1. Would you calculate the convex hull of the Cα atoms in the range 346-404 and tell me its volume per residue in Å³?
2. Of the DSSP beta bridges with both residues in the range 60-390, give the percent that are antiparallel, rounding to the nearest 5.
3. Hey, can you grab everything whose amide H is under 5 Å from the amide H of Arg396? Only 5+ residues off in sequence or another chain; H modelled, so Pro and N-termini drop out.
4. Helix-derived [θ] at 222 nm for the chain: sum -39500 (n - 2.57) over DSSP H runs of at least 4, divide by residue count, nearest 500?
5. Whole angstrom only: what separates the Cα centroid of the range 149-188 from the Cα centroid of the range 217-286?
6. Ignoring ligands, DNA and RNA, what accessible area per residue does the chain give at 1.4 Å, in Å²?
7. Would the range 308-359 count as rounded, prolate or oblate if I go by the C-alpha gyration tensor, calling it rounded below 1.5 in a/c and otherwise prolate when a/b exceeds b/c, oblate otherwise?
8. By the gyration tensor of its Cα atoms, with a ≥ b ≥ c the square roots of the eigenvalues, what is the shape of the range 346-476: rounded for a/c under 1.5, prolate for a/b over b/c, or oblate?
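The values are calculated or read from the model by the stated rules, or taken from the named source; none is laboratory data. As the structure is a prediction and not an experimental result, all values here were calculated from the model. Note that each Cβ is placed from the backbone with ideal geometry, even for glycine, and that neighbours are counted across all protein chains shown. Each accessible area value is taken on the protein alone, full model and side chains, heavy atoms only, with ligands, DNA and RNA left out. Shrake-Rupley method; radii C 1.70, N 1.55, O 1.52, S 1.80 Å.
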Amino acid sequence: MALLIRNGTLITASETFRGDILIEGEQIASILHPDSDIFSLKDFNGEVIDASGKFITPGGIDPHTHFDLPMFGTVSSDDHYTGHKAAAFGGTTTVIDFVVHEPQGFSYSVERWLEKAQKAAIDYSFHMNLTRFNDQVAREIPSLLDMGITTLKVFTAYNGRLRLDDGSIFRALRIAKENGMLVMAHCENGDVIEALVAEALAAGHTTPEWHAYTRPAWGAVESTLRLAAMAEQTGAAVYIVHMNAGGEVDMLRYARERGVKVMGETCPQYLFFTVDHLRRPDGAKWICSPPMRTEQDNVRLWQGLADGTLQTIGTDHCPFFFDGTRPIVYEGEEIAIPGKELGKDDFTKIPNGLPAVGDRLPILWTYGIRAGRITANQFVALTSTHPAKIFGLYPRKGALLPGSDADLVIWDPEKRVTYGVAYSYHRTDYNLFEGWEVVGMPEKVFLRGKLIVDGDRWLGGRGQGQFLKRGPGEVL
Ligand code: URP
Ligand code: ZN
Ligand code: ZN
């Protein structure tokens, strides 16, 4: 049955206008402008939703999640169902998750991740971590294209685990360039971190803030410039993930002004929090890599978003329980998953990562748009349209256009809530934005034309998300 959403105010990456959206099946059939398009309700026998006084955006796309990720002797506490459900309540209808690079090769690794994602509740795709490199791996990289994976993530930190040396990254960039792939980079200085961590532990420093002190911003800054330099030298496109330091924005700007194909993502945690949060008694809640920096860094990241130096806001959603010995009730069942308490005596054992996938859009609506830091159109660009374009999903996703998937969020701009665990739906026992006053929340969320969130009612389900094979993306 067709669905007509009437009288809403539509927000896209470039325009805001009053309009009606006609949905047929899973796609948007047309966008009707009330002043120019005549549409007679008399002849329409589908369902009608009146969105007067509401805003409508394309469903959010989170290009950076880690569901069901084994790490630090435990596993991230949202899986490909619970994390998708939380995303949907927060207005996100597509996620791109990172596949662990197993020694058995890419095909095995992707199959394993596809099995885990059978329970998907929203649409999803994968990036491939590239955490081992030799001639065999090099030959295998183009096979990812047939699996619909066009993006590789490399790490300049996590020595002995995920990091590749610079020569291997350089070779991977060449292969990416030859095959039209995009390389995503986690930028920190692994060697400096290793030295500082050893010193800190030897001196008996075990508390969470030492996580930040041992991962200096300058490491992120020089590593960002290093990747930009390699992008220039190989002609490959590079996307810097989870940018956290003002100096990284400067490096990105420097490279982009010189025509280097380098783009950047930041995440809510780097816009709102600082190292001070790690000094709190519950500082472990804020532990992620790279760490949070200073208020000055927050400001410079906002500037980078507003002036177009940065292209996206993802989340790096990788939640752990704060106290994984105490169960929470999730969908009627008690669950506890070992979490941050694993590092109560040693910051290096605190699982790195935090919850954010459901928070991103509601928090940015209030503290980005309403606070005047970004416009509503920039909000849509940064959280939906740009990720769709960069990661080869546009215009199927990230757009309010005829033929696009009907992934839509109807926002109630007047809804006021005191945000926190009660609104975020993550499968964990805390929320970083607990107690924040939010004005404007997703009211209805549609995935390919199907209503999956209606106020506080969950109408989605396991297995309803589709795997999205991606083609090449755009360099923005
Ligand atoms: O702390 C984080 N970010 N954990 C996830 C892995 C990564 O580096 O993105
Ligand atoms: Zn990373
Ligand atoms: Zn990540």
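1. Values: hull volume 7.5 nm³, N = 59.
Per residue, the Cα convex hull of the range 346-404 comes to 127 Å³.
2. Details: 5 of 34 bridges.
DSSP beta bridges in the range 60-390 are roughly 15 percent antiparallel.
3. none
4. -7500 deg cm²/dmol
5. Centre-to-centre distance over Cα atoms comes out at 15 Å.
6. For the chain, the solvent-accessible area averages 37 Å² per residue.
7. Values: a/c = 5.17, a/b = 1.44, b/c = 3.60.
In terms of gyration-tensor shape, oblate.
8. Details: a/c = 1.40, a/b = 1.28, b/c = 1.10.
Here the range 346-476 falls in the rounded category.
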